Amino acid sequence: MWYDTPATKLLGIRFPIIQGPFGGGPSSVELVSTVSNAGGLGSFGMQSLEPAQMIDVARQIRIATSKPFAINLWMSNGEETGSSPEGVHQAGELLRPYYAELGKEVPPPPERFIPDLGDQLDAMLEIKPPVFSFVFGIPPAAIIAACKSLGILTMGTATTAQEAKALENAGVDCIVASGFEAGGHKGSFLRSAEESLTGIFPLIPQVVDHVGIPVIAAGGVADARGVAAALALGAHGVQIGTAFLACKESAASSPHRKALRESHSGSTTLTKAFTGRLARSISNRMTTEMSHSSSNIAPYPIQAWFMGNLGAALIQGHDDFVSLSAGQSVSLISHDNARELMDEIVRDTPKIFAKYCLHQ
Ligand SMILES: Cc1cc2nc3c(=O)[nH]c(=O)nc-3n(C[C@H](O)[C@H](O)[C@H](O)COP(=O)(O)O)c2cc1C
């Protein structure tokens, strides 16, 4: 059957469909459990959660599903930026006009911008998720060894064949090959994100030819046509983000959901405006205006923190100031119900294969 792949065998799931994790808020227990209960693999992005929150969310997921699920972290939390107090001050100053527009002062920076990665990794081991997926690098060797001894499967994100090989060499069980079409951050870690932008069509065969472990394709897939194409190119599964983000089960904010629904082809752009790291979002006033001062954008996590605080703007209806992360498949969104999306993919993928076999 089309759905019996090395990835479904490894992950213990029925269909090779993974719901992509969403760090920073849009993940939900309901979306994870709906996808896992439908035979795919639901994933929860825990990048912004403190350890106690991670443990609580995992507890809720286990109540909602007995099937495998993934939790996701970022392997580089920005300590490499070496932010000076002046750099932090400048980051706030760049955004001062936007804060002023909302009648707010730039807030003083916190002692810590993001949760401690070491603490998050300890929490992940305590949770013992069926699958630990990650982006922006490779976990320390001791963490990979601990995952192996605890029976936690590891899934690392690669944006190039070289990154995929490095993940395999580190002992990771499975690769997410992420094309530049994908919504959210470009998780490159060997070279800069700008130097690692590869479309999913060339990326799948490049990665499959380089590694001997299962490869999950991510980026640009929103329906059965994309799933069939990715499998035909050699992928063993597909990770879908944008199309699941638009479903009612996700925790996307209502302006984000509305933007996903109303966007057309060509409406996304790559920007560092929201976090200091390159990511794909629906264009809005912030992406346009920041593109004129891109050299002044602070590195992650400083930019992310100051922009996140502008998020209060959302309540006031200024969705032009917030990140509307989405991939190039945004105009292909056709469902607002994750179960129906899963069911349609499962029903239609074999039809796509049959159609093209008949034309041989
Ligand atoms: C809002 C949003 C947040 C995301 N956050 C993460 C994350 O924290 N970790 C991660 O590995 N991938 C993250 N991604 C990538 C998705 O999990 C998935 O790989 C990607 O969306 C697939 O491409 P598509 O959007 O074209 O379907 C995010 C994507 C979006 C849209």
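The values are calculated or read from the model by the stated rules, or taken from the named source; none is laboratory data. A quick note: this is a predicted structure, and the numbers were derived from the prediction, not measured. A quick note on method: Cβ atoms are made from the backbone with ideal geometry, for glycine too, and the neighbour counts reach across all protein chains shown.
At-a-glance table
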item: Pick from the stretch 185-212, criterion closer than 20 Å to residue 237 by Cα and of a type in the set (Gly, Ala, Ser), ranking: nearest to the ligand (Cβ to nearest atom); result: 187
item: Residue in the stretch 116-130 that is in contact with a Lys or Arg (Cβ under 8 Å, 6 or more places away or on another chain) and either within 16 Å of the ligand (Cβ to nearest atom) or at pLDDT 95 or above (or both) present; result: no
item: Filter result (in contact with a helix residue (DSSP H, G or I) (Cβ under 8 Å, 6 or more places away or on another chain) and of a type in the set (A, V, I, L, M, F, W, C)) within the stretch 86-116; result: 88, 91, 94, 95, 102, 106, 113, 114
item: Some residue of the stretch 258-275 being more than 10 Å from the ligand (Cβ to nearest atom), part of a helix (DSSP H, G or I) and hydroxyl-bearing (Ser, Thr, Tyr); result: no
item: Considering residues of the stretch 1-35 that are among the hydroxyl-bearing types (Ser, Thr, Tyr) and closer than 21 Å to residue 135 by Cα only, the residue nearest to the ligand (Cβ to nearest atom); result: 27
item: Residue tally, condition under 24 Å from residue 11 (Cα atoms) and more than 6 Å from the ligand (Cβ to nearest atom), over the stretch 175-184; result: 4
item: Among (1) among the β-branched types (Val, Ile, Thr); (2) within 11 Å of the ligand (Cβ to nearest atom); (3) in a loop (DSSP other than H, G, I, E, B), the one test that residue 238 misses; result: (3)
item: Restricting the stretch 291-311 to residues that are modelled with pLDDT of 85 or more and among the hydroxyl-bearing types (Ser, Thr, Tyr), the residue that is surrounded by the fewest Cβ atoms within 10 Å (Cβ to Cβ); result: 291
item: Breaking point among (1) touching a strand residue (DSSP E or B) at 6+ places or on another chain (Cβ under 6 Å); (2) part of a loop (DSSP other than H, G, I, E, B), for residue 147; result: (2)
item: Condition check for residue 47: part of a loop (DSSP other than H, G, I, E, B) and either polar (S, T, N, Q) or away from the ligand (no atom under 16 Å from the Cβ) (or both); result: yes
item: Unique residue being under 30 Å from residue 290 (Cβ atoms) and within 24 Å of the chain's Cα centre (by Cα) when the list is 75, 124; result: 75
item: Count - residues of the stretch 312-342 that are modelled with pLDDT under 90 and either surrounded by fewer than 16 Cβ atoms within 10 Å (Cβ to Cβ) or in a helix (DSSP H, G or I) (or both); result: 9
item: Which listed residue, of 171, 156, 212, 220, is part of a loop (DSSP other than H, G, I, E, B) and surrounded by 17 or more Cβ atoms within 10 Å (Cβ to Cβ); result: 220
item: Test: residue in the stretch 60-70 that is touching a residue at least 40 places away in the same chain (Cβ under 8 Å), buried (at least 24 other Cβ atoms within 10 Å of the Cβ) and within 12 Å of the ligand (Cβ to nearest atom); result: yes
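Matching residues to (1) modelled with pLDDT of 95 or more; (2) surrounded by fewer than 22 Cβ atoms within 10 Å (Cβ to Cβ); (3) within 24 Å of residue 197 (Cβ to Cβ); (4) in contact with a Cys (Cβ under 8 Å, 6 or more places away or on another chain):
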site	(1), (2), (3), (4)
241	yes, no, yes, no
250	yes, no, no, no
261	no, yes, no, no
266	no, yes, yes, no
270	yes, yes, yes, no
